[in-house]
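**Q** Sharing a structure with you now.
The values are calculated or read from the model by the stated rules, or taken from the named source; none is laboratory data. This is a predicted model, so every value here is computed, not measured. Note: ideal-geometry Cβ built from the backbone for every residue, glycine included; neighbour counts use all protein chains shown.
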Amino acid sequence: MAITISLVYAQSNHLRYFLSSASASDVGVLTTTGAATPDIKTDLLASGNQGPLLALAKVISQGYGTFPAGAQTQAKSRALWLSDRSAANPAAGTTGVPSIVPTATCRITARAGVATNWLVDASVDGGGNPVITLTQLASADVGPAEAYLDIYVRDTIGG
Amino acid sequence: MAVTATLVNARAKGLRYLLTQDGAAGTTLTITTTGATTPDVLTDAPAGPIRQIAKCFTQGYGSFPAGAKTGSQSRALWLARPLGTAEFPFPLARCVVTPRTGGTAPGWRVDASVDGGGHPTIIIAAQAGAGNAYLDIELEAGAIGA
């Protein structure tokens, strides 16, 4: 069974999704290809939002900052959507050196559920399109677990 | 060591570390603010508000004078927990942990304290079992760009 992902808030620098899971272990995937909602590109365009998040979602077709267009890797997807600029990503945010290109952050806030561990990661699909992967792990099938997923770009007004 | 922190993003208004718990016994990590080897906020932060907070011991910050700090003052500075209204007008930092991989037991926790010399420290208590999480040390909401 998959995590249900529903858009509840959209601005050019901030998306919020409501996550719901009824099983002891669930996974969910949020795409960036323009597919049916929940999809970051689709949800931004449908709500009339242009801005940094949409630019990030278009990386495969037009590039973004130091990230060239074309198929991305998991490391690059983590850099773009989790602001994880580890050395391979490219151009690391090394000790004492600021990371100049604004990237996104994903954060989960649990709302309901018992002893639930929500995990968020970034990866790519078979075509190299970045995706955000969600996992809900509970110690037992204890009923619906609910949470909010926030995706926002740091260092921007409104982000 | 059971828990490690690796700097993965450094901005003037925030640092992001990748926390790794390898599952071995001993599940705490202390991040310092003295200019020691990374992970150390003073070492890792570029010029900006986070670095200013990390320099509180040597030059003070807002209503906090220079010198040794208490545990409560460290929590005020790094967990955005003001001691009173005197701290409201200036930005404080906050620490947020976002799990990336792990098992069924949640349990990443973050606190702030001081070392024997009164230097603020950030204490990470890891979940039981192997896993990763991101630690954000960032300005609290309210500052433009935070």
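**Q** Among the candidates B:R51, B:R75, single out the residue that is charged (D, E, K, R), within 14 Å of another protein chain (Cβ to nearest Cβ), part of a helix (DSSP H, G or I) and touching a residue at least 12 places away in the same chain (Cβ under 8 Å). Let's see the steps before the verdict.
**A** Details: B:R75 fails: within 14 Å of another protein chain (Cβ to nearest Cβ).
Criteria check complete, one pass: B:R51.
**Q** Filter the stretch B:97-112 down to residues that are surrounded by fewer than 18 Cβ atoms within 10 Å (Cβ to Cβ) and at pLDDT 85 or above and give me whichever is farthest from B:A130 (Cα to Cα).
**A** Restricting to residues being surrounded by fewer than 18 Cβ atoms within 10 Å (Cβ to Cβ) and at pLDDT 85 or above, the top hit is B:D111.
Let's see how each residue does on (1) closer than 17 Å to B:T30 by Cα; (2) in contact with a helix residue (DSSP H, G or I) (Cβ under 9 Å, 6 or more places away or on another chain):
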residue: B:A68; (1), (2): no, yes
residue: B:R81; (1), (2): no, yes
residue: B:P89; (1), (2): no, no
residue: B:V97; (1), (2): yes, no
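**Q** Would you confirm whether or not the stretch B:1-10 contains a residue that is surrounded by 19 or more Cβ atoms within 10 Å (Cβ to Cβ) and closer than 15 Å to B:I123 by Cβ? Reasoning before the result, please.
**A** Applying the first criterion (surrounded by 19 or more Cβ atoms within 10 Å (Cβ to Cβ)) to the stretch B:1-10 yields B:3, B:5, B:7-10.
Still in the list and also closer than 15 Å to B:I123 by Cβ: B:3, B:5.
So far as the stretch B:1-10 goes, yes, one or more of its residues are surrounded by 19 or more Cβ atoms within 10 Å (Cβ to Cβ) and closer than 15 Å to B:I123 by Cβ.
**Q** Filter the stretch A:1-16 down to residues that are small (G, A, S) and assigned to a strand (DSSP E or B) and give me whichever is nearest to A:P52 (Cα to Cα).
**A** A:A10
**Q** Of all residues in the stretch A:32-60, count the ones that are among the small types (G, A, S), assigned to a loop (DSSP other than H, G, I, E, B) and out of contact with any helix residue (DSSP H, G or I) (no Cβ under 6 Å at 6 or more places or on another chain).
**A** Number of matching residues: 5.
**Q** If you go through the stretch B:20-38 one residue at a time, do you hit one that is at the interface with chain A (Cβ under 9 Å from one of its Cβ atoms), modelled with pLDDT of 90 or more and buried (at least 16 other Cβ atoms within 10 Å of the Cβ)? Before you say what the answer is, go through the steps one by one.
**A** Of the stretch B:20-38, the ones at the interface with chain A (Cβ under 9 Å from one of its Cβ atoms) are B:38.
Narrowing further to those that are modelled with pLDDT of 90 or more: B:38.
When the remaining residues are screened for being buried (at least 16 other Cβ atoms within 10 Å of the Cβ), the result is B:38.
Yes; the residues of the stretch B:20-38 include at least one that is at the interface with chain A (Cβ under 9 Å from one of its Cβ atoms), modelled with pLDDT of 90 or more and buried (at least 16 other Cβ atoms within 10 Å of the Cβ).
**Q** Out of (1) crowded, with 19+ Cβ neighbours inside 10 Å; (2) within 13 Å of the chain's Cα centre (by Cα); (3) within 30 Å of B:G102 (Cα to Cα), what's the single condition that is false for B:T43?
**A** B:T43 satisfies all of (1) crowded, with 19+ Cβ neighbours inside 10 Å; (2) within 13 Å of the chain's Cα centre (by Cα); (3) within 30 Å of B:G102 (Cα to Cα) except (1).
**Q** Okay, next question. Have a look at A:L7, A:L15, A:L44 and point out the one that is aliphatic (A, V, I, L, M), in contact with a strand residue (DSSP E or B) (Cβ under 7 Å, 6 or more places away or on another chain) and over 20 Å from A:A147 (Cβ atoms). I'd like the intermediate steps shown before the answer.
**A** Details: A:L7 fails: over 20 Å from A:A147 (Cβ atoms); A:L15 fails: over 20 Å from A:A147 (Cβ atoms).
Residue meeting the stated conditions: A:L44.
**Q** Note down all Cβ pairs under 8 Å where the first residue falls in the stretch B:119-132 and is surrounded by fewer than 15 Cβ atoms within 10 Å (Cβ to Cβ), the second is among the aliphatic types (A, V, I, L, M) and outside any strand (DSSP E or B), and they're at least six residues apart or on different chains.
**A** Partner pairs satisfying both residue conditions: B:A128/B:A105; B:G129/B:A105.
**Q** Given (1) closer than 25 Å to A:D150 by Cα; (2) facing chain A (nearest Cβ under 9 Å); (3) not in a loop (DSSP other than H, G, I, E, B), where does B:T43 come up short, assuming only one miss?
**A** With respect to (1) closer than 25 Å to A:D150 by Cα; (2) facing chain A (nearest Cβ under 9 Å); (3) not in a loop (DSSP other than H, G, I, E, B), B:T43 is out only on (1).
**Q** Looking at A:P38, A:P68 in this structure, which one is more than 26 Å from A:Q136 (Cβ to Cβ) and either more than 16 Å from the chain's Cα centre (by Cα) or at pLDDT 85 or above (or both)? Reasoning before the result, please.
**A** Details: A:P38 fails: more than 26 Å from A:Q136 (Cβ to Cβ).
A:P68 is the lone residue from the list that is more than 26 Å from A:Q136 (Cβ to Cβ) and either more than 16 Å from the chain's Cα centre (by Cα) or at pLDDT 85 or above (or both).
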